[in-house]
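Following: one structure in structure tokens, then a few remarks.
Derivation of every value follows stated rules applied to the coordinates shown; laboratory data play no part. Here the structure is a predicted model, which is why all the values come from computation and not from measurement. Backbone-built Cβ (ideal geometry, glycine too); neighbour counts: all protein chains shown.
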Amino acid sequence: MNDNVVMLICYLPAPVIFIIVGLILWRFPAPYGDAIGYKTKLSYSSKEAWDYAQVFFGKLCTLVNIPVMALSVGVGVFQIVKNVSEDVGLVLCLILTTLQTVPLFVCIFITESRLKKYFGGKNE
């Protein structure tokens, strides 16, 4: 099997996992205090904050990672079509891995900002 095909296969798990987790949290939010879910200090501040955080983070994570998955497939197909060298493939892999990771932190930051805006003043 061509190394570039292997790279395409390696690019897919991260966005697929983030989309699946997002869909689960969005459609089936974890009950308050459950062992799974979006767990931060602000999300634990009240049941309303917990419920809001589960759905909001799940929806955001799903919607943000759909384009990331499309980008991952695009980069993988580009590598196969152009039959890029190992050096170029490594650089593309590093860039893509960063672009797959950054949206997760962006989703966390946006969710925490929303929680602070809507629920942050309750404990003060």
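Some points to look at:
- Out of V75, V102, sole residue that is on the phi < 0 side of the Ramachandran plot, surrounded by fewer than 13 Cβ atoms within 10 Å (Cβ to Cβ) and assigned to a helix (DSSP H, G or I): V102
- Screening T97, T62 for residues that are out of contact with any strand residue (DSSP E or B) (no Cβ under 6 Å at 6 or more places or on another chain), surrounded by fewer than 20 Cβ atoms within 10 Å (Cβ to Cβ) and either hydroxyl-bearing (S, T, Y) or not in a helix (DSSP H, G or I) (or both) leaves exactly one candidate, T97.
- Taken over the range 46-84, the criterion of being closer than 17 Å to F109 by Cα and small (G, A, S) is satisfied by A49, A53, G58.
- Where a residue in the range 16-38 is at positive phi and its partner, wherever it lies, is aliphatic (A, V, I, L, M), with Cβ under 6 Å and at least six apart: G37/A30
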